[in-house]
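**Q** Dumping the structure here so I can ask a few things about it.
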Amino acid sequence: MGYDVPEGVDIRGRYDTEFSKILTRDALQFVTDLQREFRNHIKYAMECRREAKMRYNNGGLPGFDPATKYIREGEWVCAPVPAAVADRRVEITGPVERKMVINALNSGAKVFMADFEDALSPSWENLMRGHVNLRDAVNRTITFHDQARNKLYKLNDQTAKLFVRPRGWHLPEAHIFIDGEPATGCLVDFGLYFFHNYANFRKVQGQGFGPFFYLPKMEHSREARIWNNVFGRAERWAGIERGSIRATVLIETLPAVFQMNEILYELRDHSVGLNCGRWDYIFSYVKTFQGHPDRLLPDRVQVGMAQHLLRSYSDLLIHTCHKRGVHAMGGMAAQIPIRDDPAANEAALELVRKDKLREVKAGHDGTWAAHPGLIPACMEVFTNNMVNAPNQIHSMKRQDASELIEEDLLQSPRGVRTMEGLRLNTRVGIQYLAAWLTGAGSVPLYNLMEDAATAEISRVQNWQWLKYGVELDGDGLGVKVNLDLFGRVVEEEMARIEREVGKDKFNKGMYKEACKLFTRQCTAPVLDDFLTLDAYNNIVMYHPIESSRL
C-alpha cells in the first residue's frame, strides 16, 4: 500500500490509513504548488541569513536599515483586528498531541497555540498525528480515552481560539520529497492544516476570518513577505477574501527587533501583531554575537526582563504594534505547578504574577503560559489592569519607547557566571535532547517547562563559554571554562541525571546518545545554527517498502 501522490512527490514516511486522510492527492498537490512557487524565494532568504551571519562574525552589528526608514516613519496601519481574536489576554501553548490539544482548548485561555515547532519533536508520527488531531479539533469531534485513568476527554462548549505555529523557514521535511528535494517544513505544516481546515475554521471559530497562525524564527522582513505571498496564494486558491488569514509574528531573533515595522508592513493585510519570544531571543543574542568575545552572557537564570536590552525590546515591540493597530503579546511563563510543596508553588506563582503585572503595565495585550495551572493567575492580573477592554492597542501607545536607539537593544546582559550555571546548562540540555530524540518536544524539568528554545540557550551558552575560556567569576574561585573542566562536568551531570531519573529509565532512554550530540555541539569549532537541525537526522525514519516510489 502507498499514498496516492501527485507527480514529482515522494513520501518516505510510514503508511497509515489515518495519515492517508491527511495526505490526500489534492492536499499534497496544494503543498507541492506552494513549494514550487516559493522555494527559490526561501533559498534566497536563507542565503541572506548566511551573509548576515558572516557580517556579524566579522565584527558587524545588526541595526535599523536606512533604506526602510520611510516604512518606520510612515503613518500606515495594519488591517483591523478581527473581533474573533480581539481578546487575547492569556494564551496557552503546547505540542499538537491529542490530549494536550483537548486540555489546552478547554483550559480557560483565550487562545491555544498548537505547536509544530519548538514544543514538538518533528517525527513523522508526531507530525501526521498532529494534523489528525487539529482536523478533529476544528471539526469538534476530537476525543481521547485515557485508559490508565479510565477517563474520556472531550471539548467543552466554550474553547480557546486555535492558532497554529508551523516550523521555521530553515527546517526541511525529510519524509516528503518534492521534485527530488525535501519539502520545506513550514509549507507542509501550513499547507496540510489550511487545506483541510480553512472552511470549517472560518464557520466554527473565526467568525468569517482565519485560520490563525504564529510565525517563528524570522530574521528579516523579506521572510515575512514570503509568508504574506503564501497567505495570498492560499486565499486565492480557496476563494476567500484577502486578509482572511491572520498571523502573529514571534520576534525571537536579534536581527528581527530592528525589522519590526518592516515585518508588520509586509504582513499588514494579514497581521494581528507581534510576540516577545524571549527565550529564543536570548539564544539569538549569543548566536548573533558568536564572534564577539566582549558580549558574553551571564548565567541564563540572570538574563531576565529586567535586563536593559530585554526591557527595551519589549517596550519597542509594544510601541510598534500599537502604532500599527495590532496586538503586542508578552512572553512565556514557563513555571509548572509544584503539587507536593505548597509553599514553593505559591512562591513560583508569585513570580508569575509579578512578571505578568510588569507586562500588562508596560502595555502588552496578552501573555503566554506553558501550563493550564498558571492561567487563572495570569488572567487575573491582566483582567484587573486592563479596565474592561479586550486589549490595550489604543490606550497604551508607549510613545516614550520611540526614543530607543540601537545601543539600547544591543547592550550586553549584566551578571556573573558560575559553575552551577554551567552544570544546569549541561543537565537541562542533555535531558531535553534525550526526550526530543524519543519523541517529546516539551519537557518538564526542575519545575519549568523546557522546549527547544531553552535548550538552545543551554547549548550556545556552553559553546560561548568554552570558545572564549570564560572565568566563572560568580563563585569566587576564578575557574576558567575549558575542555577538561567541561568533560568533568558532563561526566558528573550524567551521573546526577542517572540518580534523578533512576537507573532503569536512564538505561532505556537515549541519554547517552543525547550526551554525545550535546557535547559535540558545545565543543564544535563552528557553532551550529540550530540544535534541532543536527538532531533531526536521528529521528528521520524512512519506510521504503510502504512508501510510494516514482
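The values are calculated or read from the model by the stated rules, or taken from the named source; none is laboratory data. Owing to the predicted nature of the structure, the values given are computational and were not obtained by experimental measurement. Cβ atoms come from the backbone with ideal geometry, glycine included; neighbour counts cover every protein chain shown. With ligands, DNA and RNA removed, areas are computed over all heavy atoms of the protein, side chains included. Shrake-Rupley method; radii C 1.70, N 1.55, O 1.52, S 1.80 Å.
**Q** Those residues that are open to solvent by less than 10 Å² (accessible area, probe 1.4 Å) and within 30 Å of LEU472 (Cβ to Cβ), I need them from segment 310-333; list them, please.
**A** Once the filter is applied, which keeps residues that are open to solvent by less than 10 Å² (accessible area, probe 1.4 Å) and within 30 Å of LEU472 (Cβ to Cβ), segment 310-333 yields LEU310, SER312, TYR313, SER314, GLY331, ALA333.
**Q** Name every residue in segment 192-207 that is touching a residue at least 40 places away in the same chain (Cβ under 8 Å) and either open to solvent by 10 Å² or more (accessible area, probe 1.4 Å) or not aromatic (Phe, Trp, Tyr) (or both), in order of residue number.
**A** LEU192, PHE195, HIS196, ASN197, TYR198, ASN200, ARG202, VAL204, GLN205, GLY206, GLN207
**Q** Check whether at least one residue in segment 251-267 is small (Gly, Ala, Ser) and surrounded by fewer than 24 Cβ atoms within 10 Å (Cβ to Cβ), and report yes or no.
**A** The answer is no; no qualifying residue exists.
**Q** Return only the number of the condition from (1) in a loop (DSSP other than H, G, I, E, B); (2) surrounded by 17 or more Cβ atoms within 10 Å (Cβ to Cβ); (3) not aromatic (Phe, Trp, Tyr) that PRO80 does not satisfy.
**A** Only one criterion in (1) in a loop (DSSP other than H, G, I, E, B); (2) surrounded by 17 or more Cβ atoms within 10 Å (Cβ to Cβ); (3) not aromatic (Phe, Trp, Tyr) is unmet by PRO80, namely (2).
**Q** Condition check: modelled with pLDDT of 95 or more and surrounded by fewer than 12 Cβ atoms within 10 Å (Cβ to Cβ). Does THR141 satisfy that?
**A** Judged against the criteria, THR141 is a match.
**Q** Moving on to the next point. If we only count helices (runs of 4 or more DSSP H) wholly inside segment 325-439, which ones have 2 or more residues that are at negative phi and of a type in the set (Ser, Thr, Tyr)?
**A** Those helices (runs of 4 or more DSSP H) span 419-437.
**Q** Next up: Exactly one condition in (1) of a type outside the set (A, V, I, L, M); (2) within 30 Å of ALA86 (Cβ to Cβ); (3) open to solvent by 10 Å² or more (accessible area, probe 1.4 Å); (4) out of contact with any strand residue (DSSP E or B) (no Cβ under 8 Å at 6 or more places or on another chain) is not met by GLN307; state its number.
**A** Of (1) of a type outside the set (A, V, I, L, M); (2) within 30 Å of ALA86 (Cβ to Cβ); (3) open to solvent by 10 Å² or more (accessible area, probe 1.4 Å); (4) out of contact with any strand residue (DSSP E or B) (no Cβ under 8 Å at 6 or more places or on another chain), only one is false for GLN307: (2).
**Q** Related question: Count, please, the residues in segment 10-27 that happen to be closer than 22 Å to ALA238 by Cα, touching a residue at least 40 places away in the same chain (Cβ under 8 Å) and either buried (at least 21 other Cβ atoms within 10 Å of the Cβ) or touching a His at 6+ places or on another chain (Cβ under 9 Å) (or both).
**A** 4
**Q** Another question about this same structure. Are there any pairs, at least 6 apart or on different chains, whose C-beta atoms fall under 8 Å, with the first in segment 146-165 and hydroxyl-bearing (Ser, Thr, Tyr) and the second in a loop (DSSP other than H, G, I, E, B), and if so, which?
**A** THR159/ASN106
**Q** Could you tell me whether any residue of segment 479-501 is surrounded by fewer than 18 Cβ atoms within 10 Å (Cβ to Cβ), small (Gly, Ala, Ser), under 22 Å from ARG417 (Cα atoms) and touching a strand residue (DSSP E or B) at 6+ places or on another chain (Cβ under 6 Å)?
**A** Scanning segment 479-501 turns up no residue that is surrounded by fewer than 18 Cβ atoms within 10 Å (Cβ to Cβ), small (Gly, Ala, Ser), under 22 Å from ARG417 (Cα atoms) and touching a strand residue (DSSP E or B) at 6+ places or on another chain (Cβ under 6 Å).
**Q** While we're looking at this one, here's another question. Tell me, yes or no, whether segment 168-188 has at least one residue that is over 25 Å from HIS543 (Cα atoms), modelled with pLDDT of 95 or more and not in a helix (DSSP H, G or I).
**A** Yes, segment 168-188 has at least one match.
**Q** While we're here: Got a number for residues in segment 412-442 being surrounded by fewer than 21 Cβ atoms within 10 Å (Cβ to Cβ) and β-branched (Val, Ile, Thr)?
**A** Final tally of qualifying residues: 3.
**Q** Just name the residue that is farthest from HIS170 (Cα to Cα) out of those in segment 218-245 that are out of contact with any Gly (no Cβ under 7 Å at 6 or more places or on another chain) and among the basic types (Lys, Arg).
**A** It comes out as ARG236.
**Q** Let me ask you something else. For ARG98, are the conditions met, namely being basic (Lys, Arg), open to solvent by 50 Å² or more (accessible area, probe 1.4 Å) and under 25 Å from PRO211 (Cβ atoms)?
**A** yes
**Q** Is it the case that GLU359 is over 30 Å from LEU477 (Cβ atoms) and open to solvent by 20 Å² or more (accessible area, probe 1.4 Å)?
**A** Here the answer is no, as GLU359 does not meet what is asked.
For every residue, the table says whether it meets (1) in contact with a helix residue (DSSP H, G or I) (Cβ under 9 Å, 6 or more places away or on another chain); (2) crowded, with 23+ Cβ neighbours inside 10 Å.
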| residue | (1), (2) |
| --- | --- |
| VAL164 | yes, yes |
| ARG167 | yes, yes |
| ALA174 | yes, no |
| ILE178 | yes, yes |
| CYS186 | yes, yes |
| PHE190 | yes, yes |
| ARG222 | yes, no |
| GLY239 | no, no |
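**Q** Mind telling me which of the residues GLY94, GLY13, GLY108 ends up being touching a helix residue (DSSP H, G or I) at 6+ places or on another chain (Cβ under 7 Å), modelled with pLDDT of 95 or more and not in a loop (DSSP other than H, G, I, E, B)?
**A** Among GLY94, GLY13, GLY108, only GLY94 is touching a helix residue (DSSP H, G or I) at 6+ places or on another chain (Cβ under 7 Å), modelled with pLDDT of 95 or more and not in a loop (DSSP other than H, G, I, E, B).
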